[in-house]
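Report on one structure; see the data block that follows.
The values are calculated or read from the model by the stated rules, or taken from the named source; none is laboratory data. Since the model is a prediction, treat every value here as computed from it, not as a measurement. Because the Cβ atoms are built from the backbone with ideal geometry, glycine has one as well, and the counts that use them run over all protein chains shown.
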Amino acid sequence: MTAEPDASTGGRGAAALYTLLSVMFINMLGFGVIVPFLPFYAASFHAAPWQIGLVFSAYSLGSFVGEPFWGRLSDRIGRKPILISTVTANCLCYGALAFAPNIWAAIVIRIIGGMAAGNGSVVQGYIADVTPVQLRAGRMARLGAAYNLGFILGPFVGGVLAKPSAGTAGYHLPLLLSSGLCLCSAIGIALVVKESRARRQHEGRQPSRWVMFGYAARHPVVGRLMLLTFSVGVAFTAIESTFALWAQHRFGWVPRDIGLCFGITGAVSACCQFLLTGPLSRRFGEGNMLAVGMAGTVICTALQPFSDGHLLTVGLMALMALSQSVAFPNSGALLSRSVDPDHQGQIMGLNNATGALARVVGPQCGLGLLGFSINAAFYFGALIVAPAIYLALGAGKASQREGPALSPLAAE
């Protein structure tokens, strides 16, 4: 397999890509810091299990509202101002979370932060703006790798800095660090990221989110990918929200162990996305690689309850991360070619909102299933991801049949 070829855009696409990736690495480093201790943070307020799940899902509930709005707005006024505003909002919310007086205040802060920071569709839209179609899967993979590199260091730092024995105050330092890193990210975007779209007044009217949702649901590619995003999101967050409690129950893990596991998982995923995802997608097809990634996720998830210790647990988590790293960049690439450029941000926002809704449902499912079995979230995840294999194959075949992307206004 060969390295990803350069874009034929005079270097503009590549320069914009790597500038954005370096800034997003800092942003995701700040986000990753809180991942290992979030269940313990919620438990420090003496929260019930369903409230712990709500702390996880509150951010995603806000993102469900914010993603389509920011994606649509960035199509109109440009990507850069939206990126600056959303990352700045994250900075403020992490700072506020450090001093939340009770569990309900923490939940409200997480909702507001999620609403303001639902900017995944904006970042994806930026990449699509400056990248030729044939290179999008590889560059979406590098975007994912930058996120994962943030998770390599972030969870480890969070696990080291958190002091559960000090109660809620033991989480002030990592949360304030997250706030400061987001501030650095916002400053970096303002100084070095170039706008990828000219501000314009579109001719005619912009389709509403309901028109766009109807278009997306009926589209043979977008509809399948949204359903895939939802099912995999529910499964993954059901596991994510219970993993710390599962590992503590099974092996006596503490936040440091969980942070190390996430760090290794992130390293494997990032290396795969930098080196393998683009070449594999160009050789075997985006739909096929998406299906292969879903199959690998099912296998690793189903085997995790049979793990007998640290090595096998980390190995299965890393293999699951590798499977998803060869899968999801292809989803973004297929989406970007399924709608005209003036509406890519809004379509990606709707897809990300579907993922955000899954992240609301998933933690509640995972924590609810703990009452039946400590391993139930893994079995549940494997069961609902299995149909995504067929959704991926169907989306890939439909993409090959579809002609050039048309404006969603035709759907009205």
(request) Considering each residue of the stretch 304-343, count those that are within 24 Å of residue 373 (Cα to Cα), surrounded by fewer than 17 Cβ atoms within 10 Å (Cβ to Cβ) and at pLDDT below 90, and give that number. (result) 4
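Of all the residues that make up the stretch 249-291, how many are part of a helix (DSSP H, G or I) and either of a type in the set (Lys, Arg) or under 16 Å from residue 138 (Cβ atoms) (or both)?
22
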(message) Taking the conditions exactly as written (hydrophobic (A, V, I, L, M, F, W, C) and at pLDDT 90 or above), does residue 267 satisfy them or not?
(response) no
(request) Sort through 349, 396 and tell me the only one that's touching a Pro at 6+ places or on another chain (Cβ under 7 Å) and either buried (at least 22 other Cβ atoms within 10 Å of the Cβ) or over 21 Å from residue 38 (Cα atoms) (or both). (result) 349
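Name the single residue, out of those in the stretch 292-338 being outside any helix (DSSP H, G or I) and among the aliphatic types (A, V, I, L, M), that is farthest from residue 75 (Cα to Cα). Spell out the reasoning first.
Pass one, the stretch 292-338, residues outside any helix (DSSP H, G or I): 307-309, 326-327, 337-338.
Going one step further and asking which of them are among the aliphatic types (A, V, I, L, M), we end up with 326-327.
Numbers: 326: 28, 327: 26 Å.
My answer is 326.
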(request) Could you grab the pairs with beta carbons closer than 6 Å, sequence gap of 6+ or different chains, first residue in the stretch 163-185 and touching a residue at least 60 places away in the same chain (Cβ under 8 Å) and under 17 Å from residue 109 (Cα atoms), second one part of a helix (DSSP H, G or I) and of a type in the set (S, T, N, Q)? (result) 182/90
(message) So the check is Cβ under 8 Å with 6+ separation or different chains; which pairs have a first residue in the stretch 367-389 that's of a type in the set (Gly, Ala, Ser) and a second one that's part of a loop (DSSP other than H, G, I, E, B)?
(response) 376/370; 377/370
(request) Look through the stretch 34-57, keep the residues that are under 15 Å from the mean Cα position of the chain (by Cα) and either at pLDDT 80 or above or in a helix (DSSP H, G or I) (or both), and return whichever of them is surrounded by the fewest Cβ atoms within 10 Å (Cβ to Cβ). (result) 56
(message) Exactly one condition in (1) among the hydrophobic types (A, V, I, L, M, F, W, C); (2) without any contact (Cβ under 8 Å) to a residue 40 or more places away in the chain; (3) within 22 Å of residue 262 (Cβ to Cβ) is false for residue 292; which is it?
(response) (3)
